[in-house]
Amino acid sequence: MSAALPLSAASGANALLERLPVVLRDGLLGYLPESLRWIVSGLITIAALLAVFGLLFAYLTLAERKLLGRIQNRPGPNRTGWFGLLQPFADAVKALTKEDIVPREADAVLHYLAPVVLVALSLMGFAVLPFGRLLVPVELDSAVLYFFAAGAATELAVFMAGWASRNKYSLLAAMRALAQLISYELPLLLSFVPVIMLAGTLSTTEIVTAQGGWTLGFLPHWHVLTPWGFAGFVIFMIAALAESNRSPFDLPEAESELIAGHLTEYSGFKYALFFMAEYFGMCALSGMAVTLFLGGWQAPCAFLEFIPSYAWFGAKLLALLFGFIWIRATLPRLRMDQLTRLAWKFLVPLALINLGTAAFWFLTAGWSGPLQLVRWAVAVALVVVPFLLLGRRLTAGVAPRTYRYAT
Amino acid sequence: MLFPFLIIACLTLASAAVAMMLRNLIHSALLLVLSWAGIAAFYLWAGAEFIAFAQILVYVGAISMVVLFAVLLTRPSRDVDLPLPAPTVLRIASGLMAAAMVASVLLTAVLATRITGGRSHAPNLTVKDLGALLAGPHAASLLVVGVILTVALLGAIIIAAPAPAERPEDQP
Amino acid sequence: MSPLHLCLLLSSGLFCIGLAAALTRGNAILVLLGIELMLNAANLNFIAFWRFGGGPAATGVVFVLFSIAVAAAEAAVGLALVIAVYRHRKNIRLQEVNSLRG
């Protein structure tokens with residue numbers, strides 16, 4: 001992990017904690033000959049990422065089941081270990097010891113490749129996320145583009161899984177997945193264009209640096225705290241929900257309609273790999289949302305800066321992941337036509353208008369005093385009015401639902 | 001320096017050639033995606049980072065999806081996956097002969113050319129430079145491309161849209 | 001042989017594979033994919049000349065960006081045509097789509 005900023009930037013009491021991962025890595029590298037260092041350094045980074053996000057995946061599944069249980073008024077898994085803390089490992093053992101079934105008619109090569117490709121691609125996004133002030137696995141000039149290019153390629157793996165299974169449900173799910181992912185790619189990409197416009201860069205570290213600083217010491221300059229940034233953040237999160245096939249956009253694997261969608265013909269460890277990829281994708285997209293809109297590793301208040309930057313990144317990431325789980329427990333699944341209508345008639349126009357809002361914000365950056373109020377008012381109006389108008393059109397003709405039988 | 005290039009070239013050429021010979025359309029499309037990814041790897045090798053990621057995003061992320069969709073929507077039978085009928089011998093022979101002639105012309109032209117004055121280091125082109133170029137000297141072409149894309153998208157929708165039919169379940 | 005020569009050989013190889021596919025295969029989608037491959041070969045040349053040629057500006061890169069955009073438009077319209085043909089004839093073999101022939 002290369003140093004994003006000079007080491008002096010992490011000064012004061014937090015310097016040691018801040019630099020701890022880098023110091024540990026350099027200490028380890030010190031024992032090795034010069035020629036091996038670059039490759040071992042890369043391997044250490046990869047191992048650290050795999051370990052952290054592998055564990056996060058394990059406990060995220062547990063947290064999700066526990067939270068869903070709580071929300072649905074039942075205890076959730078609580079038999080393995082204290083409070084069910086060993087449940088993920090029991091699940092892993094179960095998945096590993098299960099028989100791996102490949103249907104006779106299936107396309108064996110593609111059937112095997114699909115989960116592998118999916119996990120590999122969903123891990124690639126982590127390479128450019130700035131996890132902390134000094135923790136950036138790879139510095140790229142066009143990091144944001146790289147991230148979304150890697151994410152776009154995962155759709156192919158879903159299609160491969162659905163098609164290779166030679167199962168009608170799987171194929172239907174693959175078609176649904178393709179339609180959904182194409183539809184939501186557009187708002188996802190459009191929603192963060194304002195961030196790139198205003199930060200003037202595609203590099204993730206520079207985007208985080210651009211959100212540094214505080215007004216009055218406690219109001220951070222995060223993008224989400226501007227009108228266009230808030231709209232962009234909400235659109236981004238909705239599109240991210242759809243891109244990671246999470247409820248309420250989990251149509252490709254809708255249990256009640258398509259058995260398990262493209263996962264129908266998968267069992268054992270391959271099935272677990274699909275789940276791993278889903279959670280990795282969710283984590284990567286949440287990490288990107290944190291980087292683009294929530295100030296990355298920046299502390300929310302100036303006096304809280306003593307906490308190391310990666311802890312802030314982790315806290316924001318966990319908050320977003322909690323939001324994902326909460327939404328899954330709350331909202332019912334959309335129908336296919338509602339899903340595409342939401343993307344094309346609501347999110348895409350809003351994201352396009354948001355571009356205009358961001359341009360206005362950028363052009364009026366010099367306004368001060370009472371003009372600042374005008375600037376905020378106009379920008380908020382540019383966000384809220386299209387939202388209300390488009391929302392009214394989206395729900396036009398839908399009467400308030402009356403429940404005749406359920407009281 | 002050349003070793004990665006050779007790997008990339010072999011991968012790209014082999015996957016493209018096999019993709020074009022297979023009789024299973026889905027396998028063809030997926031192998032061609034591999035070939036497109038190989039071309040993106042070539043761009044990375046040549047130092048055009050932005051273009052490489054744009055290639056992945058557009059080809060692997062978007063065009064491949066549209067192709068796969070088209071393949072699934074135009075299957076001759078919904079129940080079984082029939083392999084494509086093999087082209088006739090005459091067709092193969094004439095097509096290959098034409099391609100071979102073009103190949104020989106290109107080969108002799110490339111091999112006979114002496115190249116002088118090339119640069120040895122990749123020119124340093126940041127995303128910011130590229131943006132300035134697109135918004136400055138090439139702004140007019142950028143606008144034209146935007147118009148082309150919009151018109152093409154609208155055209156594609158109009159061509160592919162079925163005749164409107166009233167179906168009650170389409171209502172929200 | 002200089003690296004530029006190798007790049008040009010790679011792109012001519014890709015171009016010829018695309019050409020052969022477009023000429024021999026009867027399936028409309030495969031023909032379209034062959035044409036895409038030829039376009040890609042041209043892009044590859046632009047990047048090769050930008051990287052190894054002596055030219056001054058970044059015109060090659062800018063041109064490839066535009067070319068990728070046009071290729072996307074071409075793919076969208078081409079596949080829409082394929083779907084429209086399929087709807088009329090339940091078949092996308094190009095040899096049989098000749099009802100406009102006099």
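Overview of results
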item: Extension reserve of the residue B:75-residue B:93 stretch, reckoned as 0.36 nm per residue once the Cα distance is removed; result: 3.8 nm
item: The protein assembly as shown - Debye-derived log10 I(q)/I(0), Cα point model, q = 0.08, 0.09, 0.10 Å⁻¹; result: -0.69, -0.88, -1.10
item: GluC sites (Glu not before Pro), loop per DSSP, at most 15 other Cβ atoms within 10 Å - longest free stretch of chain A; result: A:106-407
item: Where Cα atoms sit under 25 Å apart: lysine pairs in the protein assembly as shown separated by 8 or more or lying on different chains; result: 9
item: Proximal charge balance of residue B:65 [Cβ under 11 Å; K/R count +1, D/E count -1]; result: -2
item: Equivalent ellipsoid, the range C:3-100 (semi-axes from 5 times Cα gyration tensor eigenvalues, Å); result: 33, 15, 7
item: Given charges at beta-carbon only (K, R positive; D, E negative), |dipole| of the protein assembly as shown in Debye; result: 1060 debye
item: Distance in nm between pseudo-label sites at residue B:112 and residue A:392 (7 Å out along the Cβ direction from Cα); result: 7.2 nm
item: Mean Kyte hydropathy of -0.5 or more with a Cα span along the axis of at least 20 Å, helices from DSSP in chain B; result: B:2-21, B:25-46, B:89-112, B:139-160
item: Helical segments meeting 27 Å axial Cα length and Kyte-Doolittle 1.6 threshold in chain C (DSSP H); result: C:3-24, C:59-89
item: Å² per residue, accessible surface of the range C:3-100 at 1.4 Å; result: 35 Å²
item: Summed buried accessible area for B+A [probe radius 1.4 Å, Å², rounded to 100]; result: 2600 Å²
item: Accessible surface buried once B binds C (1.4 Å probe; total of both sides; Å²); result: 6300 Å²
item: Lys, Arg +1 and Asp, Glu -1 on Cβ, resulting dipole of the range A:98-391 about Cα centre, debye, nearest 20; result: 540 debye
item: For chain A: rounded, prolate or oblate by the Cα gyration tensor [a/c cutoff 1.5]; result: oblate
item: Two-site label geometry, residue B:100 and residue C:1: point separation in nm, points 7 Å out along Cα→Cβ; result: 2.0 nm
item: Calculated FRET efficiency for the pair residue A:52/residue A:29, C-beta based, R₀ 30 Å, to 0.05; result: 0.95
item: Additional length obtainable on full extension of the chain from residue A:267 to residue A:71, 0.36 nm per residue less Cα span; result: 67.7 nm
item: Extension gain (nm, one decimal) between residue A:330 and residue A:352, 0.36 nm per residue minus Cα-Cα; result: 5.1 nm
item: Portion, in percent, of the accessible area of the protein assembly as shown that falls on carbon or sulfur, probe 1.4 Å; result: 72 percent
item: Gyration tensor (alpha-carbon) shape descriptor, the range A:177-285, a/c threshold 1.5; result: prolate
item: Inter-label distance for residue B:158 and residue A:20, nm, one decimal - labels placed 7 Å from Cα along Cα-to-Cβ; result: 6.4 nm
item: Chain A: relative contact order as a whole-number percent, Cα under 8 Å and 6+ apart; result: 20 percent
item: Dipole axis of chain A (+1 Lys, Arg; -1 Asp, Glu on Cβ), positive-most option in A:43, A:83, A:129; result: A:83
item: Chain B: C-alpha gyration tensor shape, a/c 1.5 cut-off, then a/b vs b/c; result: oblate
item: Per residue solvent-accessible surface (Å²) - chain A, probe of 1.4 Å; result: 47 Å²
item: Residue-averaged 222 nm ellipticity for chain A, from DSSP H runs of 4+ at -39500 (n - 2.57), nearest 500; result: -21000 deg cm²/dmol
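The values are calculated or read from the model by the stated rules, or taken from the named source; none is laboratory data. Note that this is a predicted model, so its numbers are computed, not measured. Glycine also receives a Cβ, built like all others from the backbone with ideal geometry; neighbour counts cover every protein chain displayed. With ligands, DNA and RNA removed, areas are computed over all heavy atoms of the protein, side chains included. Shrake-Rupley method; radii C 1.70, N 1.55, O 1.52, S 1.80 Å.
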